[in-house]
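Comments concern the structure below.
The values are calculated or read from the model by the stated rules, or taken from the named source; none is laboratory data. Quantities reported herein were computed from a predicted structural model and do not represent experimental measurements. So basically every Cβ, Gly included, is an ideal-geometry build from the backbone, and we count neighbours across all protein chains shown.
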Amino acid sequence: MNTPRDGGKFCTLGTVKHPSWQLACFIWALGGCLYLIGFFHRVAPAAISSDLMRDLGIGAAMLGNLSALYFYSYAFMQLPTGLLADRWGPRRLLTIGALLTAVGSVLFALAPTLWLAGLGRLLIGGATAVAFVGMIKLASHWMAPERFALAAGMALLIGVMGALGGGIPLAALSEVYDWRWLLAAVGGATLLLAAIIWFIVRDDPAERGYRSYASRRAGEPISLIAGLKVVAAARNSWLLSVGAGGVCGAVLTFGGLWGVPFLATHYGMSTTAASGYCSAMLLSFAVGGPLLGGLSDRLGRRKPFYFAALSSSLPAWLALILLPELPPLILLLCVVAAGFGCGGAMIITFAHARESVPSQVSGTMSGLINMGAVLGPMILQPAIGWILDNISGVWSVGGQRMYDLEAYRVGFSLIVGWIVLALILFALSHETYGKQSQCSNRL
């Protein structure tokens, strides 16, 4: 079959029909498995925070830095990943990413020293960086464009399923089994995933004898340098990428690291119970994405839904930070509302950004937004850890370090500040009305 390459990777000729929705979802979900594993590793340090501090002999600031190493390499890899996905296709990237993630998982699990654990964490972050952009690129070829925001929202849901696995289940299992062997087992499962992706996933339906959706968006090829220039020239690129840092950073900083010790210390919860509240935030983050993203798709508007989502979550964040000893039900409602609004805003950001540039550079744009998203936890996690170590009284209970409530409030105020900044930046962005940009000089 003749499948010449173009700016959308393939221009299918002679094919009869598009792949079934079930087949498209299956191919897409295999890439989603790596995204799920990546989210597991993002939040795993929260569930085993006391074990890490004890076994590695570190405090809050160093724990924050160790956790954030994932995001350093993840952010660094976003633009290269987007460029390579546009030019080379997601299959090779996802396979290599899964292989390196497996290596990093085992290295982190068995590391006898802090620097080796950090190296493993860096490798995991850089390797799993290919997952989301790979899924987005697969969706652009295997799925109809009107289902893009829904697919992006479902991607977030898959990822958060992994985060949930890194919450209560990991916390509970680590009370019975050594955390090192648990993470090593995850590495083994990731190695198996790499083989499955290589043998089953294809970049485009044309390679399986189907008609590609990319043919509907085919255009003239854009070189790597030209693609970067197109993305860099779009005003929305920078406004939305910085804003994404606050939206994603809020949830992954509280739900993915500091929420567990905060709730354990100041609400007297067990680590497993505190992980449950943080998992509720992550789950609502995942549910808010496809619900609000799908509604935004249906009505063809981005900005109003973004403002509604993030503005509704802001009071919940303020209540979590400023109001002490909330009743359990109110506390649960706050973490759910905070996560739900941020999840909807995050998915709308991806759809809005992708529409701001021509489809030939959609992978590059997705990479930039994803890089902006991980800047949030990359900066906030160690910053809050530094605040806890330097302005808080520190005491120990059963070998676990505790920090003052006021220190947590000061640290968490950074979350609120970045959410407010995100609202301002989105207000300055250009509305796309759910339509794909067709020219490189738009904005």
Problem set entry | Breaking point among (1) within 29 Å of Arg202 (Cβ to Cβ); (2) more than 16 Å from the chain's Cα centre (by Cα); (3) of a type in the set (D, E, K, R), for Arg42 | (2)
For this session: Kindly indicate the residue of the range 111-130 that is assigned to a helix (DSSP H, G or I) and at pLDDT below 90 and also surrounded by the fewest Cβ atoms within 10 Å (Cβ to Cβ) among those meeting that condition.
Result: Trp115
Exercise. Does the range 76-90 contain any residue that is in contact (Cβ under 8 Å) with a residue 12 or more places away in the chain and either at positive phi or among the β-branched types (Val, Ile, Thr) (or both)?
Worked result: yes
Exercise. Across the range 298-315, what is the total count of residues that are surrounded by 24 or more Cβ atoms within 10 Å (Cβ to Cβ) and in contact (Cβ under 8 Å) with a residue 40 or more places away in the chain?
Worked result: 4
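Among the residues of the range 14-70, write down those that are part of a loop (DSSP other than H, G, I, E, B) and among the small types (Gly, Ala, Ser).
From the range 14-70, those part of a loop (DSSP other than H, G, I, E, B) are 14-20, 48, 57-59; that's our starting set.
Of everything in the range 14-70, those that are part of a loop (DSSP other than H, G, I, E, B) and among the small types (Gly, Ala, Ser) turn out to be Gly14, Ser20, Gly57, Gly59.
Touching a helix residue (DSSP H, G or I) at 6+ places or on another chain (Cβ under 8 Å) and at pLDDT 80 or above: is that true of Phe199 in this structure?
Numbers: touching a helix residue (DSSP H, G or I) at 6+ places or on another chain (Cβ under 8 Å): no; at pLDDT 80 or above: yes.
For Phe199, the condition - touching a helix residue (DSSP H, G or I) at 6+ places or on another chain (Cβ under 8 Å) and at pLDDT 80 or above - is not met.
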For this session: Could you please find all residues in the range 230-262 being free of Cβ contacts under 8 Å to residues at least 60 places away in the same chain and over 14 Å from Leu425 (Cβ atoms)?
Result: Ala232
Seminar exercise, completed: Residue pairs within 6 Å by beta carbon, gap of at least six or interchain, first lying in the range 35-57 and at negative phi and in contact (Cβ under 8 Å) with a residue 40 or more places away in the chain, second crowded, with 24+ Cβ neighbours inside 10 Å and of a type in the set (Phe, Trp, Tyr), listed first then second, are Tyr35/Phe132
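So which residues in the range 316-337 are in contact (Cβ under 8 Å) with a residue 40 or more places away in the chain and either over 20 Å from the mean Cα position of the chain (by Cα) or under 17 Å from Thr349 (Cβ atoms) (or both), if there are any at all?
Across the range 316-337, the qualifying residues are Leu318, Leu320, Ile321, Leu322, Pro324, Glu325, Leu331, Leu332.
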Problem set entry | Residue that is at pLDDT below 85 and surrounded by fewer than 19 Cβ atoms within 10 Å (Cβ to Cβ), where the choices are Ala155, Ala144, Ala163, Ala149 | Ala144
Exercise. Any chance the range 279-296 includes a residue that's more than 25 Å from Tyr306 (Cβ to Cβ), in contact with a helix residue (DSSP H, G or I) (Cβ under 8 Å, 6 or more places away or on another chain), free of Cβ contacts under 8 Å to residues at least 24 places away in the same chain and not aromatic (Phe, Trp, Tyr)?
Worked result: no
Seminar exercise, completed: Quick count over the range 173-196, residues being within 26 Å of Ala274 (Cα to Cα), in a helix (DSSP H, G or I) and either modelled with pLDDT under 85 or of a type in the set (Ser, Thr, Tyr) (or both), is 1
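Are any of the residues in the range 328-339 modelled with pLDDT of 85 or more and over 19 Å from Gly167 (Cβ atoms)? Talk me through it step by step, then tell me what you get.
Taking the range 328-339 as the starting set, the residues that turn out to be modelled with pLDDT of 85 or more are 328-339.
Those still in the list that are over 19 Å from Gly167 (Cβ atoms) too: 329-330.
Yes, the conditions are met somewhere in the range 328-339.
Of the residues that sit in the range 145-202 and are aromatic (Phe, Trp, Tyr) and farther than 18 Å from Ile48 by Cβ, which one is farthest from the chain's Cα centre (by Cα)?
Within the range 145-202, the subset aromatic (Phe, Trp, Tyr) is 148, 177, 179, 181, 198-199.
The next check asks that each one be farther than 18 Å from Ile48 by Cβ; those that pass are 148, 198-199.
Numbers: Phe148: 17, Trp198: 23, Phe199: 26 Å.
So, considering only residues that are aromatic (Phe, Trp, Tyr) and farther than 18 Å from Ile48 by Cβ, the one farthest from the chain's Cα centre (by Cα) is Phe199.
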For this session: Please state which one of Gly64, Gly38, Gly32, Gly57 is surrounded by fewer than 20 Cβ atoms within 10 Å (Cβ to Cβ), within 30 Å of Ala274 (Cβ to Cβ), at pLDDT 80 or above and among the small types (Gly, Ala, Ser).
Result: Gly57
